[in-house]
Each structure stands twice: as structure tokens, then as C-alpha cells.
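Every number here is computed from the coordinates shown, using simple stated rules; none is lab data. Being a predicted model, the structure only gives us computed values, none of them experimental. Here the Cβ is made from the backbone with ideal geometry for all residues, glycine too, and neighbour counts use every protein chain on show.
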Amino acid sequence: MILPLVGAAIVALCLALVVVVARERGVSPDDVAVAYEVAWDRLDFATVWTLSGPELHDGRDREAFVAAKRRAYADRAELGGLLDRVTIDDVTTGTKAAAVVTRLHLRDGSEVRNEVRLRRRRARWEVVGYSLRPVAPTIP
């Protein structure tokens, strides 16, 4: 009598687990955009490659991409470590595409806005485009 109840409970738990996993959407596009911005600031090109889609890989595999970026930035260390924090100005998300407007608060007090475009592929968001956005002037 107890064996059928235990079996039913195990089946119910397994079904609940399947439903929870199936409903999990993973990391949000705004989280990916922030991670992408931080990786660039740290000149962490391995992470940049991982977060980006093939559109931004310059036709290279991971090893070649990272090596090329490291060479390009070898004498430009001043281009890294500028970031104080990243905030999100706007997020537009569809089922397969998203656009995130980030605001980079730099250590020198200035700000930069970027539009990070993403595509959802293989159940994860990938950065596929990146462009500067003007920062609206502050009116005293």
C-alpha cells in the first residue's frame, strides 16, 4: 500500500522538476549586456567571445579571436579599467531578439551609452551588435 504512494510521489516530483526546468528562461538579455560591457572594460576577450555571436567573432575561432584582441590591445592598457558601474536605460525583448541600452558610468565621472543587440540562440542570449548612443545633455 505504501509503495504505490511513494511511486506516485516520485513521479509527481519528477514531473514538477521537468516543468520547472522547461520554464526556466536562463540569463536575461540585460544581464548578458552588462556582462559584455564589464568584460570589454576588463579586456577579458575570452568572455567577450563567449558572450558574442559569430557576427562579432571576426571570422575567427575563440583562440584566434582572443590572441588577435590581446595583440591589438597590448600597448593600450589605458583602455581597460575605465568603468565604475553599468546601469540599464532600456530593454526591449522579443522571443528571439533583444536590444539593451546600457549606460557606462566611468571613473572620471563621464558617461557613455551603448545599444547592445542580442539574439536568442541555443537557449541563450548572444550579443550580435553594438553601437554608441548619444548621452542626452543635462540641463542645469
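Listed by Cβ neighbour count within 10 Å, with the fewest neighbours leading, S131, S28, S52 appear as S131, S28, S52. Under 5 Å between amide hydrogens, built in the peptide plane, is the criterion, and for R42 it picks out G81 among residues at least 5 positions away or on other chains.
Summary of packing: across the peptides 110-121, 74-85, the per-residue average of other C-beta atoms within 10 Å ranks them, highest first, as 110-121, 74-85.
Taking the fewest neighbouring Cβ atoms within 10 Å as the starting point, the ordered list for I88, I2 is I2, I88.
Label-to-label distance for V27 and L106 is 2.6 nm, based on points extended 7 Å past Cα in the beta-carbon direction. The value obtained for segment 27-133, namely the Cα convex hull volume divided by the number of residues, is 92 Å³ per residue.
Rounded to the nearest 20, the size of the Cβ-charge dipole of segment 27-133 about its Cα centre is 420 debye, with Lys and Arg at +1 and Asp and Glu at -1.
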